[in-house]
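Take a look at the structure set out below.
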Amino acid sequence: MNKWEYAESIESSSIVNIEKKYGIFIDGKFQNANSKKFIKTISPSTEEVLSSVSLGNEIDINSAVESAKEGLKIWSKLSGTERAKYLFKLARLIQERSREFAVLETLDGGKPIKESRDFDLPQVAANFFYFAGWADKLDLSWNAKGLKPYGIVGQIIPWNFPLLMLSWKVAPALATGNVVILKPAESTPLTAILFAELCQEVGLPPGVFNLVTGDGSTGAALVKHPDISKIAFTGSTGVGKYIQKETADRDIGLTLELGGKAANIVFNDAAIDQAVEGVVNGIFFNQGHVCCAGSRLVLQEDIHDEFVTKLEKRMQSLRVGNPLDKNTDIGAINSKDQLDKITSLVNEGVEEGGTIFQTDCELPQNGFWFKPTLFTNAQPSYRISREEIFGPVLTTLTFRTPEEAIEISNNTEYGLSAGIWTEKGSKILWTADRLQAGVIWANTFNKFDPSSPFGGYKESGFGREGGRHGLLSYLKVQS
Amino acid sequence: MSLTKEAQNILNWSDTVELIDNLRVDEVGLKERVASLATRSIKKDSKLQALNYIISMCDLTTLEGEDTEGKIGQMTAKAIRPDPSNDEVPSVAAVCVYPALVSKAKKMTQNSNVKVASVSSYFPSGQAPLESKILDTQFAIDEGADEIDIVINRKAFFEGDYRKMYDEIVALKEVCKSVHLKTILEVGELRTYENIKKASLISLAAGSDFIKTSTGKISNGSSREACYLMAKAVWDYKTVTGFKAGIKVAGGIRDSKDAIRYLVIVNEELGSEWLNPDYFRFGASSLVDDVLKQIKKLKTNAYQSSYYFPRG
């Protein structure tokens with residue numbers, strides 16, 4: 001009999017309606033940007049141009065701030081219950097139109113449809129529902145009098161989880177009574193634009209949610225604007241440092257959610273087959289474009305060979321290809337720039353002496369792709385073991401004792417997440433106590449819940465998103 | 001570890017102990033992986049290919065006190081030609097009957113590729129002395145069975161006497177010689193995932209050619225999680241010994257969609273070389289009819305009633 005191949009099972013993209021050009025969304029409607037300049041957004045899996053979006057400039061940011069001021073006048077007079085109504089409506093609409101959002105996210109960003117459909121969109125809706133629920137209960141959130149919103153909040157989000165990061169930022173900001181100016185990532189603006197259309201549909205008062213698309217210069221103009229009371233940024237540590245310096249001499253709130261180089265520690269008493277699955281999920285989820293990715297496998301030396309053999313076998317079964325195919329596990333790298341960065345770091349890893357394993361999968365002709373990659377013998381001094389690669393590349397280090405596992409895991413400038421794999425409960429607690437990371441998963445990885453705060457140690461940033469703690473990122477406690 | 005010389009696929013007891021020492025399964029991670037494999041979308045040509053695989057991998061089964069030669073006659077005829085209106089549909093792999101009906105089944109299948117499997121060893125409970133199990137098995141083989149499906153000694157397993165469980169299988173393997181030995185774990189009774197993996201490895205080490213989920217005689221028969229774990233055990237055993245064992249899933253698999261999900265598990269965990277009747281089987285009675293209907297639907301777009309297909 002012939003080998004059993006899965007026939008392509010393509011999610012239809014006819015459900016999305018993408019316009020040729022988009023303006024910026026201020027005063028509750030789309031309008032032409034002052035800049036009159038556009039940037040093309042392409043599908044990274046085909047390099048096909050999907051649309052052109054406005055390249056917002058300083059004047060556009062000024063207009064957005066004026067719009068936000070008007071919006072704040074209305075929004076600040078509404079009770080929490082009234083604000084919640086809008087957020088609940090948005091949550092329900094996102095659920096209703098989740099297939100449309102999922103396809104758009106996959107087209108624009110390159111992530112597999114099974115992830116945008118089964119992970120991103122359910123999480124997005126859950127965040128809106130969760131924070132809608134807080135809007136009329138803020139007095140109960142912290143034992144403090146006089147919780148005040150910042151006012152106008154500037155939010156800059158990355159390209160790895162475009163709509164999910166929007167929901168992490170917009171939902172708590174609006175729930176707590178702030179108004180928002182959002183700058184989505186240059187390469188993935190389309191779901192934010194669709195979200196703006198939803199805001200119109202639910203009748204959100206003009207100026208409460210403003211969207212200015214653009215590139216780094218647009219973000220810089222937003223950060224510099226004197227009437228912004230708070231900046232929330234998710235992205236690279238480099239840009240985060242720039243923003244912190246830029247805002248240092250102003251009375252402004254700031255939260256930063258930056259890079260990571262998470263350790264995924266596998267002890268020899270772990271359930272090995274499930275640990276292999278968890279390690280695969282930890283690094284290959286969303287092509288490794290995940291700030292909390294488990295990019296460093298920290299493996300007990302006595303199980304190294306067995307584990308690596310199983311891991312390589314499992315990696316071979318990963319299906320890389322058209323992200324709209326429902327059977328695709330790994331989609332396209334988000335952009336040419338990112339692909340170049342991954343390629344150069346991996347090449348350097350080989351030159352430095354790491355042992356590289358890549359799967360035999362065939363990569364499509366067009367678009368940006370990178371094979372699932374595993375480095376063994378990746379010494380702690382190598383760049384691949386220290387820098388955030390932000391791609392489907394896992395490095396492996398071994399340890400002899402639990403103490404050594406902790407030393408290796410904490411030997412990084414980052415501290416966003418970590419994973420622990422052992423069947424021994426006391427060892428989980430012992431290890432978690434000693435890890436310097438904001439989120440620690442035990443015997444699982446990449447689990448999120450709107451009620452759980454997320455954020456980093458060290459150069460992975462400060463401030464928490466999600467949960468009750470996430471409200472504090474948008475409230476000033478005045479007692 | 002290496003296999004003993006006497007029988008080609010038996011691992012000695014001390015190596016077996018090492019194999020089952022400290023095995024751990026995480027339930028949450030296991031379920032998550034199995035659930036994610038169930039989201040594979042199998043359409044068009046790959047679906048038709050899968051449906052034909054399933055037919056060719058079926059052990060068409062009847063294991064009832066009321067079974068008669070007449071009933072076996074009907075079932076074997078269906079096994080040889082499941083859908084008389086479509087010559088492209090293959091024969092099933094085997095028919096599975098009680099020892100007393102093996103000779104009738106053998107007679108009926110003599111001019112076909114369909115094998116005859118017999119349950120033995122005091123199926124389904126296994127609550128009998130080893131001597132009786134040996135006689136039961138020897139009888140089925142003497143009657144002409146090509147394959148023998150035995151049950152593990154769950155009494156010994158739950159009492160912690162793994163050695164006894166192992167020794168019994170080794171003894172029955174000796175009776176079987178080259179006759180294919182399938183060992184039923186009864187995963188619904190073992191319940192925990194560690195038990196399933198442990199019983200899988202002991203059964204393999206004792207010389208089973210196949211490990212099988214269930215007798216089909218209890219309500220919680222097969223599960224995809226059990227199949228996944230058994231696939232992992234088969235892989236681990238192959239890594240250690242080089243021996244390539246098969247898996248039979250049986251007990252409650254009634255429709256094509258479910259059966260295809262089992263195929264996906266085997267395909268992704270063991271590879272496509274396991275996707276043939278030598279290494280993967282379905283124990284089934286009603287599954288075949290649903291698969292035939294689905295094949296017909298793919299060909300003609302009509303979902304036909306049961307009376308279009310011969311009863312077995």
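Annotations
- Residue match in the range A:438-445 (condition: touching a residue at least 12 places away in the same chain (Cβ under 8 Å), assigned by TED's automatic domain parsing to the domain that holds A:ASP337 and in a helix (DSSP H, G or I)): no
- Meeting the requirement of 1 or more residues that are under 28 Å from A:GLY288 (Cα atoms) and without any contact (Cβ under 8 Å) to a residue 40 or more places away in the chain, the helices (runs of 4 or more DSSP H) wholly within the range A:63-142 are A:80-96, A:98-109, A:121-134.
- Within this structure, B:ASP142 passes the test of being under 18 Å from B:LYS173 (Cα atoms) and surrounded by fewer than 16 Cβ atoms within 10 Å (Cβ to Cβ).
- Entry remark, the range A:100-117: residues being surrounded by fewer than 24 Cβ atoms within 10 Å (Cβ to Cβ) and farther than 20 Å from A:LEU318 by Cβ number 2 in total.
- Cβ-Cβ contacts under 8 Å between residues 6 or more apart (or on different chains), taken from a first residue in the range B:26-39 that is within 8 Å of chain A (Cβ to nearest Cβ) to a second residue that is basic (Lys, Arg), are listed as B:THR39/A:LYS114; B:THR39/A:LYS326.
- Residue in the range A:300-308 that is touching a Lys or Arg at 6+ places or on another chain (Cβ under 9 Å) and closer than 30 Å to B:LYS47 by Cα present: no
- When we screen B:ALA284, B:ALA259, B:ALA302 for residues that are within 28 Å of A:LYS310 (Cα to Cα), away from chain A (no Cβ under 13 Å) and small (Gly, Ala, Ser), the only hit is B:ALA259.
- The residue list B:LEU63, B:LEU51 contains one member that is within 14 Å of another protein chain (Cβ to nearest Cβ) and either in a strand (DSSP E or B) or hydrophobic (A, V, I, L, M, F, W, C) (or both), which is B:LEU51.
- Just one of (1) out of contact with any strand residue (DSSP E or B) (no Cβ under 6 Å at 6 or more places or on another chain); (2) of a type in the set (D, E, K, R); (3) touching a residue at least 12 places away in the same chain (Cβ under 8 Å); (4) surrounded by 14 or more Cβ atoms within 10 Å (Cβ to Cβ) fails for B:ASP149. It is (1).
- Qualifying position, being over 18 Å from A:ALA405 (Cβ atoms), modelled with pLDDT of 95 or more and not small (Gly, Ala, Ser), among A:ASN322, A:ASN268: A:ASN322
- Failed criterion for B:SER272 (all others in (1) in contact (Cβ under 8 Å) with a residue 40 or more places away in the chain; (2) more than 18 Å from B:VAL114 (Cβ to Cβ); (3) out of contact with any Asp or Glu (no Cβ under 8 Å at 6 or more places or on another chain) hold): (1)
- Those residues of the range A:370-412 which are of a type in the set (D, E, K, R) and within 15 Å of A:HIS289 (Cα to Cα), in sequence order: A:LYS371, A:GLU387, A:GLU388
- Qualifying position, being crowded, with 16+ Cβ neighbours inside 10 Å, at pLDDT 95 or above and part of a loop (DSSP other than H, G, I, E, B), among B:SER46, B:SER41, B:SER103: B:SER41
- Top-ranked residue in the range B:1-25 [being more than 30 Å from A:ARG117 (Cβ to Cβ) and within 12 Å of chain A (Cβ to nearest Cβ); ranked as modelled with the lowest pLDDT]: B:ASN22
- Within the range A:277-302, residues that are farther than 19 Å from A:LEU121 by Cβ reach partners that are of a type in the set (S, T, N, Q) and assigned to a helix (DSSP H, G or I) with beta carbons closer than 6 Å, at six or more positions or on different chains, in the pairs A:VAL298/A:SER409.
- Output for the range A:145-178, where each listed residue is of a type in the set (A, V, I, L, M, F, W, C) and more than 18 Å from A:LYS230 (Cβ to Cβ): A:TRP159, A:PHE161, A:LEU163, A:LEU164
- Exclusive hit being of a type in the set (Val, Ile, Thr) and out of contact with any Asp or Glu (no Cβ under 7 Å at 6 or more places or on another chain), set B:VAL114, B:VAL89, B:VAL102: B:VAL114
- Only one entry of A:GLY253, A:GLY282, A:GLY294, A:GLY288 meets the criterion of being farther than 18 Å from B:ARG24 by Cβ and not assigned by TED's automatic domain parsing to the domain that holds A:THR343, and that entry is A:GLY253.
- Considering residues of the range A:10-38 that are small (Gly, Ala, Ser) and in contact with a strand residue (DSSP E or B) (Cβ under 6 Å, 6 or more places away or on another chain) only, the residue farthest from the other protein chains (Cβ to nearest Cβ): A:ALA33
- For A:PHE267, the stated conditions do not hold, so it cannot be described as under 27 Å from A:MET315 (Cβ atoms), surrounded by fewer than 24 Cβ atoms within 10 Å (Cβ to Cβ) and touching an Asp or Glu at 6+ places or on another chain (Cβ under 8 Å).
The values are calculated or read from the model by the stated rules, or taken from the named source; none is laboratory data. Because the structure is predicted, anything quoted here is derived from the model rather than measured. So basically every Cβ, Gly included, is an ideal-geometry build from the backbone, and we count neighbours across all protein chains shown.
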